C-alpha cells in the first residue's frame, strides 16, 4: 500500500512539473532553429539587442514575427518551443522579398526591418540575428524600433 501511494505521488509530481510554461521556458533561444529543425523559418524575439544565447528570461513570448511580403500578403509565424521562439512551416517558394515585422499582442508593429530587405534565403532569423549581429544585422530581433524606421516612436 505504501509503495503504491509513493508511486502515485511521484507520478503526480512528474505531471505537475511538466506544465506547458515550465516545460517550454528554455529551448535554445537565440540559436539557429534550422540547424536542428526542418522548419521553413524560425527565430527568437528578445527584449534587448545583445542578449546571449539560451536566455529565456530576456525572450519575449508576448510578440510575434510576421513577414510583410512585397505582394502585400502577410505570413505570421507560429509559436515554437520555448519563450520567444517562433517558426514557419509553409512553402518558401511563395515568399520572395519581404519586410520582417515584430507585432505585439494587439497586432501593432513595434519593430521592422527595412522594406523588402529580406528574401526567402533569409528565413533562419537567428543565423544573422546573433548577440552581436552578423551580415549587417544589428543584433537580436527585438521588441523596439532599432532602425527608427516606424512612423511612431516605440517604447521599450
Please give the per residue volume of the convex hull enclosing the alpha carbon atoms of region 26-142, rounded to a whole number of Å³.
-> 89 Å³
Is any residue of region 44-80 close enough, with backbone N under 20 Å, to a label point placed 7 angstrom from the Cα of residue 131 along the Cα-Cβ axis, and if so, which?
-> 44-60
Return, ordered by residue number, the residues of region 57-92 whose backbone nitrogen is under 19 Å from a label point located 7 Å along Cα→Cβ of residue 25.
-> 57-63, 80-86
Difference of contour (0.36 nm per residue) and Cα-Cα distance, residue 89 to residue 105 | 3.6 nm
Under a plain spin-label model, where a point goes 7 Å from the Cα along Cα-to-Cβ, how far apart in nm are residue 62 and residue 147?
-> 2.5 nm
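Every number in this text was worked out from the coordinates using simple rules, so none of it is lab data. What you see is a predicted model; the values in this text were computed from it and never measured. We place every Cβ from the backbone using ideal geometry, glycine too, and count neighbours over all the protein chains shown.
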